[in-house]
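Contents: one structure, followed by commentary.
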Amino acid sequence: MRVRDELKEKLIRDKAIQLIVEKGFDGLSMQKLARAAGVSPATIYIYFKDHEDLIERISIEEVDKMTQATLKGFTPNMPFQKGLRKQWENRLDFWMKNPATARFMEQVKHSPIGHKVQMRVKQEFSEIMEQFVKNSIKRKELIKLPIEVYWSVAYAPLYSLIKFHLDGKSIGGRPFSLDKKTFNAAFKTVIKALKP
């Protein structure tokens, strides 16, 4: 039996993310991954049962890292504006430090395994976010909205700005780099839209 090597496993995970970002899920085969990681295909099977297991486990691990980063210094009892600001800052920090993960997770979200991955993400995160919203509504700091509308107003502007930044361009191909002034303007607009 071969021994697991954490550095080799990390290399395989990182190369898998890179290949999926560059070539999509169809562009990832165990052969291509083995070549990219400089290992034999048999080595990959030490760490992962098969292609599906590889993608699922990497996806769940990356979503877990993102949720942990989002919750850093955040509690559901925070005032709405302060709590949402903390989440924006945490989410932005995570995506700026992990651009490949951002693109990878976008592909996972729109893939056949996207729902499966989301269902296996820690329930704790959803409960914390739900409590934050309920507390904010109760304190009359937030209007009551369907979850889809709330999410679209509260977070979609941030993710659009992050995508523009990662692409280096915005609408019409204009050069774009997310700066503090733009971040603050977007956040201020979102708060204005969500306050009673």
For the stretch 165-185, which residues satisfy the criterion of being assigned to a loop (DSSP other than H, G, I, E, B), open to solvent by less than 40 Å² (accessible area, probe 1.4 Å) and under 23 Å from LYS82 (Cβ atoms)? LEU178
Given the conditions (1) in a loop (DSSP other than H, G, I, E, B); (2) hydroxyl-bearing (Ser, Thr, Tyr); (3) surrounded by 15 or more Cβ atoms within 10 Å (Cβ to Cβ), report the number of the one that THR101 does not fulfil. (1)
Of the numbered conditions (1) at positive phi; (2) open to solvent by less than 40 Å² (accessible area, probe 1.4 Å), GLY73 satisfies every one except a single condition; which is it? (2)
Between a residue in the stretch 80-94 that is open to solvent by less than 10 Å² (accessible area, probe 1.4 Å) and any residue that is among the aliphatic types (A, V, I, L, M), which pairs come within a Cβ distance under 6 Å, given they are 6 or more apart or on different chains? PHE80/LEU142; TRP88/LEU158
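Would it be correct to say that PHE25 is under 21 Å from LEU166 (Cα atoms), among the aromatic types (Phe, Trp, Tyr) and surrounded by fewer than 17 Cβ atoms within 10 Å (Cβ to Cβ)?
Details: under 21 Å from LEU166 (Cα atoms): yes; among the aromatic types (Phe, Trp, Tyr): yes; surrounded by fewer than 17 Cβ atoms within 10 Å (Cβ to Cβ): yes.
Here the answer is yes, as PHE25 does meet what is asked.
Consider ILE44 carefully, then state whether it is aliphatic (A, V, I, L, M), open to solvent by less than 40 Å² (accessible area, probe 1.4 Å) and either in contact (Cβ under 8 Å) with a residue 40 or more places away in the chain or closer than 21 Å to ILE162 by Cα (or both). Quick ask: steps written out before the conclusion?
Values: aliphatic (A, V, I, L, M): yes; open to solvent by less than 40 Å² (accessible area, probe 1.4 Å): yes; either in contact (Cβ under 8 Å) with a residue 40 or more places away in the chain or closer than 21 Å to ILE162 by Cα (or both): no.
Considered against the rule, which asks whether it is aliphatic (A, V, I, L, M), open to solvent by less than 40 Å² (accessible area, probe 1.4 Å) and either in contact (Cβ under 8 Å) with a residue 40 or more places away in the chain or closer than 21 Å to ILE162 by Cα (or both), ILE44 comes out as no.
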Contact list, first residue from the stretch 175-196 and within 29 Å of ASN135 (Cβ to Cβ) and in contact (Cβ under 8 Å) with a residue 24 or more places away in the chain, second anywhere and among the polar types (S, T, N, Q) and surrounded by 13 or more Cβ atoms within 10 Å (Cβ to Cβ), beta-carbon distance below 6 Å, six or more apart or interchain, is ILE191/GLN81
Residues (among the basic types (Lys, Arg) and surrounded by 12 or more Cβ atoms within 10 Å (Cβ to Cβ)) located in the stretch 47-62: ARG57
Among ILE143, ILE137, ILE162, the single one that is modelled with pLDDT of 90 or more and in a loop (DSSP other than H, G, I, E, B) is ILE143
Taking LYS140 and the conditions (1) touching a Pro at 6+ places or on another chain (Cβ under 7 Å); (2) open to solvent by less than 80 Å² (accessible area, probe 1.4 Å); (3) not β-branched (Val, Ile, Thr), which numbered condition does it fall short on, given that it satisfies the others? (2)
Residue ID - modelled with the lowest pLDDT, chosen from residues in the stretch 23-76 that are small (Gly, Ala, Ser), part of a helix (DSSP H, G or I) and over 30 Å from ASN135 (Cα atoms): GLY27
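Against the definition (buried (at least 18 other Cβ atoms within 10 Å of the Cβ) and at negative phi), how does ASN135 come out, yes or no? Talk me through it step by step, then tell me what you get.
Numbers: buried (at least 18 other Cβ atoms within 10 Å of the Cβ): yes; at negative phi: yes.
Yes: the conditions hold for ASN135.
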Would you pick out the residues in the stretch 104-133 that are in a helix (DSSP H, G or I), among the β-branched types (Val, Ile, Thr) and at pLDDT below 85? VAL117
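Name the one entry in TYR150, TYR155 that is in contact (Cβ under 8 Å) with a residue 24 or more places away in the chain, surrounded by 15 or more Cβ atoms within 10 Å (Cβ to Cβ), of a type in the set (Phe, Trp, Tyr) and within 26 Å of GLU22 (Cα to Cα). Before you say what the answer is, go through the steps one by one.
Numbers: TYR150 fails: within 26 Å of GLU22 (Cα to Cα).
The match here is TYR155.
Being in a helix (DSSP H, G or I) and aliphatic (A, V, I, L, M) is the filter; apply it to the stretch 1-22 and report the residue that is most open to solvent (accessible area, probe 1.4 Å).
At the first step, the residues of the stretch 1-22 found to be in a helix (DSSP H, G or I) are 6-22.
From what is left, the residues that are aliphatic (A, V, I, L, M) are 7, 11-12, 16-17, 19-21.
Working: LEU7: 139, LEU11: 68, ILE12: 0, ALA16: 1, ILE17: 11, LEU19: 18, ILE20: 3, VAL21: 42 Å².
Looking at the filtered set, the residue picked out is LEU7.
The values are calculated or read from the model by the stated rules, or taken from the named source; none is laboratory data. None of these values were measured; they are calculated from a predicted model. Because the Cβ atoms are built from the backbone with ideal geometry, glycine has one as well, and the counts that use them run over all protein chains shown. Just so you know, the surface numbers come from the protein's heavy atoms only, side chains and all, with ligands and any DNA or RNA stripped out. Shrake-Rupley method; radii C 1.70, N 1.55, O 1.52, S 1.80 Å.
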